[in-house]
Amino acid sequence: MIRRLPVCVAASVVAVCALGTAAEPVVVPHGRLETLNGYTVVSVEGTPEEMGTAYGKLLGPTIQRVVKAVITDGACKEPDARANIIKASRVMERFQPPEFIAELKAIAAAASVPYDDLLVLQYFGDVRRCITGPGSASMCCSFAILPPLTRERVCLVGRSFEYFDEGVGEYASLLAYHRPRGRIPFVTITWAGVINGWTLLNEKGIVCSNNTAFGAKSQSLKGISTCTMLRYVAERAATVAEGIELVTKGPRACATIMLVASGNPPDGAILEFDHDKLVVRRPEGGFVGGANSYFKLYQESAPPGRKTSASETRTPEGAADADPYWGRIKAARDLALGGKGKLDFSWNLGGAEGVPIVSISLHAATIDATNLRFKVSMGKTPACQLPPRAFRLTNRGLEALKE
């Protein structure tokens, strides 16, 4: 059991606790819901079924609200789109790790939400990129800064998560601590009901995050979904090399630019991939990062005039200041190089000027992977303009930090 779970309360009490409003921690077998540093934190442990049941009991009303906003009244609002998306989801379901499917089924039962809708919530972006017809659809930035650019030879990660959230982030933003039986414990920055999330740190100091990539030649429903791959790595990898191996073996689904970084020893890599191909970019001069454009897979640089972010255009090829990095990642690298030897946990890397797309910033994080610390701003758009709140990942779960 999680060592911080000494008591149990009735499920009827849990059901009326709104997310983040409980004055005292709410505890059920294998799970705990509490507020730390003003943010909602859920902690679960055990088998997939045990974790899922606890998670669903603790967060049920909010999960229902998220599913309704994002899936029922969102991506699947039109009947034709819903039928198309659910049909595609059932294809992708067959390729997800079975323990995650078992956990989701337990959540659906405990939270009283349709399993099909909860499943689509985990990977609706992937499904919509892989289908044609009703419901189809064709953001984010992450980077690792390593010695000699950092103080005390640590690995620092900057993370800016952007998307269109249907207002969900204001009531469902969540830090979720998972201690899966037989796997590596981890924390993820996510929403209630999304068990993988978008920015993860495990007890070995591995950080995983994903960015949607554009310009791929191969998208497929027949693979581990983008965000599920993050959790798959976080639960299993103790080194960057192990993370790369897991993603390489796949099977992969959609076009993604994925960061895998490590604090012990400091290391990092960007994995550019789609369903068929994968290339790995390693740090250069203590920096590696990615946003939504491929640097190596399918293209080495952006075409002249190519829009690379909401506000920047790539310098025409052949110009004197042409650079393999551009746009938001160039801004992040310039920050890293400008702070050489001084960069530490006090810097607001995920919210630094030029890094986030401000209008759709849902969370901004700085992670000290070496010392298992992170600070994050979330809960209101633009998140990058909010003061970050700090936490440490321990062998007992999350604890709040004062900066």
Reported set for the stretch 189-232 where residues are assigned to a strand (DSSP E or B), modelled with pLDDT of 95 or more and of a type in the set (Val, Ile, Thr) is Ile189, Thr190, Thr199, Ile206, Val207, Ile224
Taking the stretch 353-379 and keeping only residues that are surrounded by fewer than 21 Cβ atoms within 10 Å (Cβ to Cβ) and out of contact with any Lys or Arg (no Cβ under 9 Å at 6 or more places or on another chain), one is left with Glu353, Val358, Ser359, Ile360, Gly379
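What about Ala54, is it surrounded by fewer than 20 Cβ atoms within 10 Å (Cβ to Cβ) and either aromatic (Phe, Trp, Tyr) or in a helix (DSSP H, G or I) (or both)?
On the way: surrounded by fewer than 20 Cβ atoms within 10 Å (Cβ to Cβ): no; either aromatic (Phe, Trp, Tyr) or in a helix (DSSP H, G or I) (or both): yes.
So Ala54 fails the test.
Confirm whether Ser309 is of a type outside the set (Phe, Trp, Tyr), at pLDDT below 60 and not in a strand (DSSP E or B). Steps first, please.
Details: of a type outside the set (Phe, Trp, Tyr): yes; at pLDDT below 60: yes; not in a strand (DSSP E or B): yes.
The answer is yes for Ser309.
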Can you confirm whether Thr47 is out of contact with any Asp or Glu (no Cβ under 9 Å at 6 or more places or on another chain) and not aliphatic (A, V, I, L, M)? no
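Can you name every residue in the stretch 151-188 that is in a loop (DSSP other than H, G, I, E, B) and either charged (D, E, K, R) or modelled with pLDDT of 95 or more (or both)?
Passing the criteria: Val154, Cys155, Asp165, Glu166, Val168, Arg181, Gly182, Arg183, Ile184, Pro185.
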Among the residues that make up the stretch 83-96, is at least one of them in contact with a Leu (Cβ under 6 Å, 6 or more places away or on another chain), surrounded by fewer than 19 Cβ atoms within 10 Å (Cβ to Cβ) and of a type outside the set (Asp, Glu)? yes
In the set Glu103, Glu152, Glu45, the lone residue that is surrounded by fewer than 20 Cβ atoms within 10 Å (Cβ to Cβ) and of a type outside the set (Gly, Ala, Ser) is Glu152
*Do we find a residue being part of a strand (DSSP E or B), over 21 Å from the mean Cα position of the chain (by Cα) and at pLDDT 95 or above anywhere in the stretch 40-50?*
yes
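Name the residues in the stretch 380-389 that are surrounded by fewer than 24 Cβ atoms within 10 Å (Cβ to Cβ) and either modelled with pLDDT under 95 or not in a strand (DSSP E or B) (or both), would you? Spell out how you get there, then give the answer.
Step one: filter the stretch 380-389 for residues surrounded by fewer than 24 Cβ atoms within 10 Å (Cβ to Cβ), giving 380-382, 385-389.
Passing the criteria: Lys380, Thr381, Pro382, Gln385, Leu386, Pro387, Pro388.
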Per the list (1) over 18 Å from the mean Cα position of the chain (by Cα); (2) at pLDDT below 95, residue check on Glu242 breaks on (2)
Tell me whether the stretch 337-357 contains one or more residues that are of a type in the set (Ser, Thr, Tyr) and in contact with a helix residue (DSSP H, G or I) (Cβ under 8 Å, 6 or more places away or on another chain).
no
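The values are calculated or read from the model by the stated rules, or taken from the named source; none is laboratory data. Just so it is clear, the model here is predicted, and its values are computed rather than measured. Cβ atoms come from the backbone with ideal geometry, glycine included; neighbour counts cover every protein chain shown.
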